[in-house]
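Visitor: Questions regarding the structure given below will be posed in turn.
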Amino acid sequence: LPKSYHYQNIKPAKYPVIYLLDAETNFDYYAGMVDLLSKQPYAEIPEMIIVGIKNTDRTRDLTTSKSLEKNSVNPNELQYKNSGGSKDFSQFIEDELKPFILSKYRIDQYSVLVGHSFGGLFAVDVLFQNTKNFNAYVIIDPSLWWNNEKPMKLINNFFENGKKLPEGTFVFLAQANNEGRSKKSIEEMTLNIKKFKNILSENHPQYFQHRFYQEDGHGTVIYPANFDALKYLFKGYRTNVKEFAKDPTILMDFYTAFSKKQHFQFKPSESYLNFIINYLKKNNLQESAEKVHEIKKSIYK
């Protein structure tokens, strides 16, 4: 939960939500990263609730179809025998997890899905099968090679049938430098990520960013990619309190413009407005402080 969630000196607020896959690996560093980037007065992103999902069987939960690939060590066994359960997992998130979070915590309706590798494969599937389930997607080195490139067929069919992703659906695609890794799936993953990048660049350019990480392989790319993704998804969120000191009336103009870009209403937090008011008072700008106080009263009645 954000640090301000339990503050007693502000009215209870609602927060956007990040759903983080593979939380058994990602949660600790990710929570600290969000705290850092959302720290006022120079926040790059809004404060958010992070819901970490531990995947007890990644192959079952995150793969999108049943694979019949044989085990390279024992040909009598399937390589991914528990595969193909992503539909059930997606239904669990929508029908059980999201309602539970809604009932238990103060959440806004803006949500982000974050997935790496098989998690990235799952995020791609949700993006194209259930396009309105999340407002934004962070897809890191996705396993688009899966099951003879079935995910790529889904993506191609989506656009070939004249469909479009909803406006305001932001997608950040990270690609690791996996050169030198001899595993066939890695080569296929690299090739298909490039194809995916080209498809989204052509069909969803306004809300899409791809980034290649020269210095990071498949295992380490998650940290820098998640950091960059958060800044991309909320680019333009950072404000300049000195500008508001000159003209407090532009404060809400700023948030109106940002909300229009995001296709979702964002507003300044009460704690940030308190910071601005105190800053103005310290600089003997009492009239400006009173104007911001009026803005605060109009938002947090």
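The values are calculated or read from the model by the stated rules, or taken from the named source; none is laboratory data. Quick caveat: nothing in here was measured; it's all calculated off a predicted structure. Don't worry about glycine lacking a Cβ; one is built from the backbone with ideal geometry, like all the others, and counts go over all protein chains shown. The area values use the complete protein model at the heavy-atom level, side chains included, leaving out ligands, DNA and RNA. Shrake-Rupley method; radii C 1.70, N 1.55, O 1.52, S 1.80 Å.
Visitor: Out of the residues in the stretch 42-60 that are within 17 Å of F100 (Cβ to Cβ) and outside any strand (DSSP E or B), which is modelled with the highest pLDDT?
Guide: Per the criteria, the residue is I53.
Visitor: Which numbered condition in (1) surrounded by 15 or more Cβ atoms within 10 Å (Cβ to Cβ); (2) under 16 Å from G120 (Cβ atoms); (3) at pLDDT 95 or above is the only one that Y207 fails?
Guide: Tallying (1) surrounded by 15 or more Cβ atoms within 10 Å (Cβ to Cβ); (2) under 16 Å from G120 (Cβ atoms); (3) at pLDDT 95 or above, Y207 fails exactly one: (2).
Visitor: Report whether or not S201 is of a type in the set (G, A, S), open to solvent by 30 Å² or more (accessible area, probe 1.4 Å), more than 16 Å from G120 (Cβ to Cβ) and over 21 Å from the mean Cα position of the chain (by Cα).
Guide: no
Visitor: Please go through (1) open to solvent by 20 Å² or more (accessible area, probe 1.4 Å); (2) in contact with a Phe, Trp or Tyr (Cβ under 6 Å, 6 or more places away or on another chain); (3) of a type outside the set (G, A, S) for E287 and return the number of the only condition it doesn't satisfy.
Guide: All conditions pass for E287, except number (2).
Visitor: One residue is enough: does the stretch 9-22 have a residue meeting the conditions part of a helix (DSSP H, G or I) and in contact with a strand residue (DSSP E or B) (Cβ under 8 Å, 6 or more places away or on another chain)? Give the derivation first.
Guide: Our first condition is that a residue be part of a helix (DSSP H, G or I); within the stretch 9-22, this holds for none.
No, the conditions are met nowhere in the stretch 9-22.
Visitor: If you check I155 against the conditions, is it surrounded by fewer than 18 Cβ atoms within 10 Å (Cβ to Cβ), touching a Phe, Trp or Tyr at 6+ places or on another chain (Cβ under 9 Å) and either among the acidic types (D, E) or outside any strand (DSSP E or B) (or both)?
Guide: For I155, the condition - surrounded by fewer than 18 Cβ atoms within 10 Å (Cβ to Cβ), touching a Phe, Trp or Tyr at 6+ places or on another chain (Cβ under 9 Å) and either among the acidic types (D, E) or outside any strand (DSSP E or B) (or both) - is not met.
Visitor: Checking the conditions here, which among Y279, Y255 is surrounded by 13 or more Cβ atoms within 10 Å (Cβ to Cβ), over 19 Å from P166 (Cα atoms), touching a helix residue (DSSP H, G or I) at 6+ places or on another chain (Cβ under 7 Å) and aromatic (F, W, Y)?
Guide: Of Y279, Y255, the one residue that is surrounded by 13 or more Cβ atoms within 10 Å (Cβ to Cβ), over 19 Å from P166 (Cα atoms), touching a helix residue (DSSP H, G or I) at 6+ places or on another chain (Cβ under 7 Å) and aromatic (F, W, Y) is Y279.
Visitor: For residues that are farther than 26 Å from S90 by Cβ and under 17 Å from the mean Cα position of the chain (by Cα), scanning just the stretch 24-53, find the one that is surrounded by the fewest Cβ atoms within 10 Å (Cβ to Cβ).
Guide: Looking at the filtered set, the residue picked out is G32.
Visitor: Which of the residues belonging to the stretch 270-290 are of a type in the set (G, A, S) and closer than 17 Å to E47 by Cα?
Guide: Passing the criteria: only S271.
Visitor: Pairs only if they're at least six apart or on different chains, beta carbon under 6 angstrom, first in the stretch 32-61 and over 20 Å from Y7 (Cα atoms), second open to solvent by less than 40 Å² (accessible area, probe 1.4 Å) and among the polar types (S, T, N, Q); list them, first residue then second.
Guide: T59/S83; D61/N55
Visitor: Return only the number of the condition from (1) out of contact with any helix residue (DSSP H, G or I) (no Cβ under 9 Å at 6 or more places or on another chain); (2) assigned to a helix (DSSP H, G or I) that M33 does not satisfy.
Guide: Only one criterion in (1) out of contact with any helix residue (DSSP H, G or I) (no Cβ under 9 Å at 6 or more places or on another chain); (2) assigned to a helix (DSSP H, G or I) is unmet by M33, namely (1).
Visitor: Test L21 against the criterion of being at pLDDT 95 or above, of a type outside the set (V, I, T), touching a Phe, Trp or Tyr at 6+ places or on another chain (Cβ under 7 Å) and buried (at least 16 other Cβ atoms within 10 Å of the Cβ), and give yes or no.
Guide: In short, yes.
Visitor: Out of N161, N192, report the one residue that is closer than 21 Å to F118 by Cα and either surrounded by fewer than 18 Cβ atoms within 10 Å (Cβ to Cβ) or touching a helix residue (DSSP H, G or I) at 6+ places or on another chain (Cβ under 9 Å) (or both).
Guide: N192
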